[in-house]
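Here's the structure, in C-alpha cells; my notes come after.
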Amino acid sequence: MLHAKDNEVRQLLLKGNFGLEKESLRITSQGFMAHTPHPFPDEENIVRDFGENQTEINTPVVQSAEAAVAELERFNCRIQQTLAALPERELLWPFSNPPYIRDEEDIPVALFGGELAGKRNYRDYLSDRYGRYRMALCGIHFNYSFADELLEADFSVSGQRDFRTYKDQLYVDLAQQAASYGWLITAVTAASPLTDPSFSEKGRFGGASFDGMSSIRCSELGYWNFFTPIFDYSNLSNYIDSLQRYVDAGLIRSPTELYYPIRLKPAGRNTLTALRDKGVNHIELRNIDLNPLSHAGADVRDVTFAQLLLVWLASIPCRILEERDQVQAVQNFKSAAHYDLKTVKMVTPDGKFCSGVRAALNVIASMKEFYADFPAEVHQVLSFEEEKFLNVENRYAQKRDWSWPRAGRNPTYNHKTTCIRQRCRSPFFHPIFLRNT
C-alpha cells in the first residue's frame, strides 16, 4: 500500500507512466468491412489485432494522460491520411461494436507468415473457439505504472528490505483492488449501446439492435472466457501459478487468452516466464470502450480518472478477496456494462448491495475526500465522472437520440454539437455516425 500520508510520497502520487492501445476496424466508404491488406507493415506503433482490418495503435510510454491522448491522436491522424490516399478510400469505424457483417468470412483473420506464422495459427484457434464476431469488438487498453521516484520514496518509508518484492506486491495488491473497483471504469466509459442486427442475427440487413447494454464488449455478451478465473493474490509467484493452472488445464492456450479486465504485465514480451523473471512493470485495464465523441477515441478526462482510481486503490487498505468475492467481482464488471445502472445491483467489497449509481457515487465521494488537497484539475475530473451518475444523460451510451449507420450508404454525419462539427472539418476525421436532435 502506498504511504499516501507521507509528505514526500503524497507530492509524487500522480507521477506515473501512461500507454494506450486502441483497436479500430477499417471499413470501406460504403460502411462494409475492409478486406485489403494491413496498410502499415513497417509501423512499429500501428499493428493488427485479431483481424487483418483491425488496426491497433500502441502509443509510446509518456508521463501524462494529456500526452497519451495526444499520441493516440497523432497516430490516428496518420492512419486517416493513409486510408484517405488509398485507391479505394477507407475509414476507421469509431465504435466498439462492429458494423454490418455478412458472415464469419467477412471478418478477415490477420495475415501472418514466415517466422510469424504462429500468430496466424493462434488467431485461427481463437476464431474456432470464440467465433470471429466476438473478435471484431474493439476497445482501448490503459497501461499504467507508478514513476520510479514515487516507488523509491514509498519504499524508503515502507520498512521493507527488498525493492523487487515490495514493488511486485504493490502491483499484485493493486490488481486485487482493481478487481473490486475496476467496474467503475466500465461504467464511465461505456459507449456502445447499439449493435448492427447482423451481429446477433447472421446476415440480417438494416436497422439497429439494443440488448439493454451500454457496452456489449464488457457485458456478458462480450469478451469473457467460458469460466470465472480465481487468482491467488498472496504474492506474485502464487498469482502466476494461479494463471498457469488454467493453461495447464487446457482452459486457455496462453495467458493472452485470459479475457479478464485487469492484467499485470512485465516489461517487453508478455509471458508468464517474463513476469516471473522480471517482475511487474505495469498494470493494464482492458475495459474501456471507444469514445465516438472524441477524435482520438478516448477522452483525456477518462484516462486521468483511470489513473486517479488506480492511485487511490493503491493507497487504501487492501481487502483479501475470497473465491466468492472474486466471482462477485466478475459479475460487477458485467453488471456495470448494463444500460440502466439505477436498477442494476452491485455488491460492494463489504458485502452490501446497492444500485450501480449509488455504488459509483460512493466510490467517487471517497476519492474526492482522498484528493481533497490536490489541485482543482483533479476535482474537475472527479466531478466530470460524478455527473455521469447524477444525470444519466451525461453518460456516453445515454446521449440522446443515438442512430445507427446503414451499410451500403456513404457515411453521413448530423450532430448539433459545435465542437464535434468543428472536428469534422478535418479531411482525415472519420464522421461520427451519431444523430442528436
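The values are calculated or read from the model by the stated rules, or taken from the named source; none is laboratory data. As the structure is a computational prediction, the values presented were derived from the model and not from experiment. Here the Cβ is made from the backbone with ideal geometry for all residues, glycine too, and neighbour counts use every protein chain on show.
So the values come out like this:
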| item | result |
| --- | --- |
| Single residue of the stretch 264-284 satisfying the filter (over 21 Å from LEU310 (Cβ atoms) and among the basic types (Lys, Arg)) that is surrounded by the fewest Cβ atoms within 10 Å (Cβ to Cβ) | ARG269 |
| Sole exception among (1) part of a helix (DSSP H, G or I); (2) within 23 Å of the chain's Cα centre (by Cα) for GLY118, by number | (2) |
| Any chance GLU56 is acidic (Asp, Glu), under 20 Å from THR256 (Cβ atoms) and either assigned to a loop (DSSP other than H, G, I, E, B) or touching a Pro at 6+ places or on another chain (Cβ under 9 Å) (or both) | no |
| Positions within the stretch 246-259 being of a type outside the set (Val, Ile, Thr), surrounded by 14 or more Cβ atoms within 10 Å (Cβ to Cβ) and without any contact (Cβ under 8 Å) to a residue 40 or more places away in the chain, in sequence order | TYR246, LEU251, PRO255, LEU258, TYR259 |
| Criterion: assigned to a loop (DSSP other than H, G, I, E, B), of a type outside the set (Asp, Glu) and touching a residue at least 24 places away in the same chain (Cβ under 8 Å) - qualifying residue of LEU361, LEU341 | LEU341 |
| Residue match in the stretch 36-51 (condition: more than 25 Å from ASN281 (Cβ to Cβ) and either of a type in the set (D, E, K, R) or touching a Pro at 6+ places or on another chain (Cβ under 8 Å) (or both)) | yes |
| Residue within the stretch 48-62 that is aliphatic (A, V, I, L, M), under 29 Å from SER315 (Cβ atoms) and in contact with a strand residue (DSSP E or B) (Cβ under 9 Å, 6 or more places away or on another chain) present | yes |
| Subset of the stretch 344-358 (residues that are without any contact (Cβ under 8 Å) to a residue 40 or more places away in the chain, in a loop (DSSP other than H, G, I, E, B) and not basic (Lys, Arg)) | VAL344, THR348, ASP350, GLY351 |
| The stretch 203-220, residues that are more than 16 Å from the chain's Cα centre (by Cα) and assigned to a loop (DSSP other than H, G, I, E, B) | GLY203, ARG204, PHE205, GLY206, GLY207, ALA208, ASP211, GLY212 |
| Qualifying residue in the stretch 140-148 (condition: among the charged types (D, E, K, R), touching a residue at least 24 places away in the same chain (Cβ under 8 Å), part of a helix (DSSP H, G or I) and under 30 Å from VAL61 (Cα atoms)) | no |
| Qualifying residue in the stretch 269-278 (condition: within 16 Å of GLY16 (Cα to Cα) and modelled with pLDDT of 95 or more) | no |
| Residue in the stretch 224-247 that is more than 19 Å from the chain's Cα centre (by Cα), basic (Lys, Arg), within 24 Å of ARG123 (Cα to Cα) and modelled with pLDDT under 95 present | no |
| Positions within the stretch 285-330 being in a loop (DSSP other than H, G, I, E, B), surrounded by 19 or more Cβ atoms within 10 Å (Cβ to Cβ) and acidic (Asp, Glu), in sequence order | ASP289, ASP299 |
| Residues that are in a loop (DSSP other than H, G, I, E, B), touching a helix residue (DSSP H, G or I) at 6+ places or on another chain (Cβ under 7 Å) and more than 22 Å from ARG74 (Cα to Cα), drawn from the stretch 13-41 | LEU13, LEU14, LYS15 |
| Subset of the stretch 11-46 (residues that are out of contact with any Gly (no Cβ under 8 Å at 6 or more places or on another chain), surrounded by 17 or more Cβ atoms within 10 Å (Cβ to Cβ) and farther than 16 Å from LEU86 by Cβ) | LEU12, LEU13, LEU14, GLY16, ASN17, PHE18, GLY19, LEU20, GLU21 |
| Residue in the stretch 309-318 that is at pLDDT 95 or above, in contact with a His (Cβ under 9 Å, 6 or more places away or on another chain), over 28 Å from ALA67 (Cα atoms) and not acidic (Asp, Glu) present | no |
